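Following: one structure in structure tokens, then a few remarks.
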Amino acid sequence: MTAPRLEIDLKKIQDNARVLVARLADRGIGVTGVTKASLGSPEIAGALLRAGVSGLGDSRIENIEAMRLAGVSAPMTLIRSPMLSQVDRVVENAHVSFNTELDVVSKLSSAASKARRTHGIVLMVELGDLREGIMPGDLEKTVRETLRFPNIVLKGIGANLACRSGVCPDSKNMAELSALADSIDATFGPMLEIVSGGNSASLNWALGGASTGRINDLRLGEAYLLGREPLHRQPIDGLHTDAITLFAEVIESKVKPSQPWGEIAQTAFGEAPPTGDRGHISQTILAIGNQDADPSGLGAPSGMEILGASSDHLVLDSGKCQTPVGAEIGFQLNYSALVRAMTSPFVAKVVKAQA
């Protein structure tokens, strides 16, 4: 079989999504299944829809277009602010988009008017992570201006945390988002259908027993793909953590010194050279590298250790045994490694089983 490759177990992904949908439903929260890490895979989108997600979300309009071409007809949300150069495509293919800039909303309005359709808007609010978001004090003014645009429907408000700065979703910032929703409805009349409380990092808060207030949507990707919560990367009880595995092929297997020799400068990626002399080791090289995955996000099998990587080579200490050339080694992935491997054209994507 082709290597390197990602083996994707659709049944495990669907099981993970179904568990999350059920647990959050008990808390009054629906799930938007995020497909960006899978590059808008129609197979994964189908598994999510069968698991009961309320709609699909992606940060790239190209992925949404690919799902549309594959016949996926579910409600879709662009969960990154649209580029001005893509507003026509956004209006044509996405029911809703997340926004923070009135200039973008204005262009979406023009595109929707030209297409003779309406387009939904969720206004994103800054709650401390310092990625995208309207400052809370500016939200009422932004809502007022948004409501003036023809062919634009304000669907809700949302927030994103734990991405750029690692700020944890908690009772305080989620209560602030709920209070902002209440304030908007009190000022402009009941209108907010969606109050989106973040991504997979919000699961600990959402399932922790505190009041969920107005929050009625979470955008989940990493949790159903990897079975872990993003704040501390701990497994989520009852979820599969091995739904996706990366396989790479051995292209060299030799006993070598563990320390380089000669004058030492930077590595190809500007990293510090290896330190710590462990004598001679069984060194294994696999045909995969930084161009294909994030080596720091790969989990080697027990008894093996990742020593380093270049663009196209991953170097392991294979422990007590030499791994023969041509053998394959499987790795678990974190989110960073998964996203890069999914994006690489040199990594095959193999769906193992239909859900």
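Test GLU43 against the stated conditions and say whether it is touching a Leu at 6+ places or on another chain (Cβ under 9 Å), surrounded by fewer than 19 Cβ atoms within 10 Å (Cβ to Cβ) and not basic (Lys, Arg). Yes: the conditions hold for GLU43.
Inside the stretch 237-282, can you point out the residues that are surrounded by 12 or more Cβ atoms within 10 Å (Cβ to Cβ), touching a residue at least 60 places away in the same chain (Cβ under 8 Å) and among the β-branched types (Val, Ile, Thr)? Selection gives THR241, ILE244, THR245, VAL250, ILE251.
Test of understanding: among THR187, THR212, which residue is at pLDDT 95 or above, β-branched (Val, Ile, Thr) and part of a helix (DSSP H, G or I)? Being at pLDDT 95 or above, β-branched (Val, Ile, Thr) and part of a helix (DSSP H, G or I) holds for just one of THR187, THR212, which is THR187.
In the stretch 266-346, which strands (runs of 3 or more DSSP E) lie fully inside it and hold 2 or more residues that are at pLDDT 95 or above, touching a Phe, Trp or Tyr at 6+ places or on another chain (Cβ under 8 Å) and of a type outside the set (Gly, Ala, Ser)?
By residue number, 328-333.
Being of a type in the set (Gly, Ala, Ser) and either touching a Cys at 6+ places or on another chain (Cβ under 6 Å) or within 25 Å of ALA248 (Cα to Cα) (or both) is the filter; apply it to the stretch 1-40 and report the residue that is surrounded by the most Cβ atoms within 10 Å (Cβ to Cβ). Step by step, filter the stretch 1-40, then rank; the result is SER38. Is at least one residue of the stretch 311-331 free of Cβ contacts under 8 Å to residues at least 40 places away in the same chain and surrounded by 19 or more Cβ atoms within 10 Å (Cβ to Cβ)? There is at least one residue in the stretch 311-331 that is free of Cβ contacts under 8 Å to residues at least 40 places away in the same chain and surrounded by 19 or more Cβ atoms within 10 Å (Cβ to Cβ). The set of residues from the stretch 284-310 being in contact with a Pro (Cβ under 9 Å, 6 or more places away or on another chain) and surrounded by fewer than 22 Cβ atoms within 10 Å (Cβ to Cβ) comprises ALA287, ILE306, LEU307, GLY308.
How many residues does the stretch 57-73 hold that are more than 12 Å from ASN93 (Cα to Cα) and either among the hydroxyl-bearing types (Ser, Thr, Tyr) or in contact with a Leu (Cβ under 7 Å, 6 or more places away or on another chain) (or both)? Residues flagged as more than 12 Å from ASN93 (Cα to Cα) and either among the hydroxyl-bearing types (Ser, Thr, Tyr) or in contact with a Leu (Cβ under 7 Å, 6 or more places away or on another chain) (or both) within the stretch 57-73 amount to 1.
May I ask you to say which residue of GLU92, GLU101 is acidic (Asp, Glu) and farther than 17 Å from MET124 by Cα? Spell out how you get there, then give the answer.
Details: GLU101 fails: farther than 17 Å from MET124 by Cα.
Exactly one of GLU92, GLU101 is acidic (Asp, Glu) and farther than 17 Å from MET124 by Cα, namely GLU92.
Look through ARG89, ARG117 and report the one residue that is assigned by TED's automatic domain parsing to the domain that holds LEU220 and part of a loop (DSSP other than H, G, I, E, B).
On the way: ARG89 fails: part of a loop (DSSP other than H, G, I, E, B).
Being assigned by TED's automatic domain parsing to the domain that holds LEU220 and part of a loop (DSSP other than H, G, I, E, B) holds for just one of ARG89, ARG117, which is ARG117.
Determine if the stretch 95-109 includes at least one residue that is at pLDDT 95 or above, in contact with an Asp or Glu (Cβ under 9 Å, 6 or more places away or on another chain) and closer than 24 Å to VAL350 by Cβ. Looking through the stretch 95-109, none of the residues is at pLDDT 95 or above, in contact with an Asp or Glu (Cβ under 9 Å, 6 or more places away or on another chain) and closer than 24 Å to VAL350 by Cβ.
Among strands (runs of 3 or more DSSP E) lying entirely in the stretch 1-85, which contain 1 or more residues that are in contact (Cβ under 8 Å) with a residue 60 or more places away in the chain and of a type outside the set (Val, Ile, Thr)?
Values: elements: 5-9, 30-34, 55-58, 76-78.
Ranges flagged: 5-9, 30-34, 55-58.
The values are calculated or read from the model by the stated rules, or taken from the named source; none is laboratory data. Source: prediction; values computed, not measured. Heads up, the Cβs are rebuilt from the backbone with ideal geometry, glycines too, and the neighbour counts pull from every protein chain shown.
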